[in-house]
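As structure tokens, the structure follows; a few thoughts come after it.
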Amino acid sequence: TLLGGNQEVAFYQELWGTILSGRAYRGVLVNRKRSGDVYFDDETITPLTDAAGTITHFVSTGRNITEQTLADRAMHAIVEGTAGAVGEELFRSLVRHLAQALGVRYAVVGEQIGPAKDRVLTRAFWSGSDFGHDFEYPLADSPCAGLVGGEQRVCTSGVRAAFPRDEILRQM
């Protein structure tokens, strides 16, 4: 865990107290790699006993749940940050908290418009440190085109290169 000091000692005392009393431990362990990166494991540690009831071995199974945990924390931060907002303020609050939770510079909430629903009108736009002006853009060749079709995509870098025909991205 990353509790540190007395809290971490108390956590491990409780964990091993549970296991050494013959009961399995199941919970999330927060660890740090040598690189300093934090990761989360859903861990089960089960004591195995001999015929006399003496613990002889432990079986440990774990599953890395870092991605899900970080997504859950981001969603919680977004929900918590937008809880009191309504109407247009909800969209503005949503883009600001979404950008912060995901650690991105830009976030947008838009509405498909036009007879063919081939354009997007932004309802809220976060531009790094403040709200930007709403604008309209063609859906085709934009990152949003795939989202409308149900695609899931994460671009942590190189967004302009991934969508070279998106004029708005080029301007940003």
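The values are calculated or read from the model by the stated rules, or taken from the named source; none is laboratory data. Every value quoted in this text rests on a predicted model; they were computed, and no experiment measured them. Every residue, glycine as well, gets a Cβ built from its backbone with ideal geometry; the counts of neighbours run over all protein chains shown. To get the accessible areas, we keep the full protein, side chains included, count just its heavy atoms, and leave off ligands, DNA and RNA. Shrake-Rupley method; radii C 1.70, N 1.55, O 1.52, S 1.80 Å.
Across the chain, Cα pairs under 8 Å and at least six residues apart give a relative contact order of 10 percent.
Only Lys, Arg, Asp and Glu carry charge here, each on its Cβ (+1 for the first two, -1 for the last two); on that basis the chain has a dipole of about 300 debye about its Cα centre. Computed over the chain with a Gaussian network model linking Cα atoms closer than 10 Å, the most mobile of L15, L98, L139 is L15. In plain terms, the chain from I113 to M172 could stretch by 19.0 nm, reckoned as 0.36 nm per residue minus the Cα-Cα distance.
A simple spin-label model places pseudo-atoms 7 Å from Cα toward Cβ; at C155 and E88 they are separated by 2.9 nm.
Net length available on complete extension from E14 to E67 is 16.4 nm, with 0.36 nm assigned per residue and the Cα-Cα distance removed. If you work out log10 I(q)/I(0) by the Debye sum over Cα atoms at q = 0.09 Å⁻¹ from the coordinates, which of [x] -0.46; [y] -0.30; [z] -0.53 do you get? Among [x] -0.46; [y] -0.30; [z] -0.53, the one calculated here is [z]. Using the 1.4 Å probe convention, the accessible area of the range 1-124 works out to 67 Å² per residue with neighbouring protein chains retained.
Highest mobility in the GNM of the chain, judged by mean-square fluctuation with C-alpha springs under 10 Å and restricted to I65, I78, I45, is found for I45. Suppose we flag trypsin sites (Lys or Arg not before Pro) only when DSSP calls them loop and at most 13 other Cβ atoms lie within 10 Å. Which is the longest uninterrupted stretch of the chain? Result for the longest clean stretch: 35-104. Rounded, prolate or oblate, given the Cα gyration tensor of the range 62-107, with a/c below 1.5 counting as rounded? It is oblate, given that a/c is not under 1.5 and a/b is not larger than b/c.
The gain in end-to-end length when the N6 to R105 segment is fully stretched comes to 31.9 nm, 0.36 nm per residue minus the alpha carbon separation. Note on the chain: with neighbouring protein chains present and a 1.4 Å probe, carbon and sulfur make up 53 percent of its accessible heavy-atom surface.
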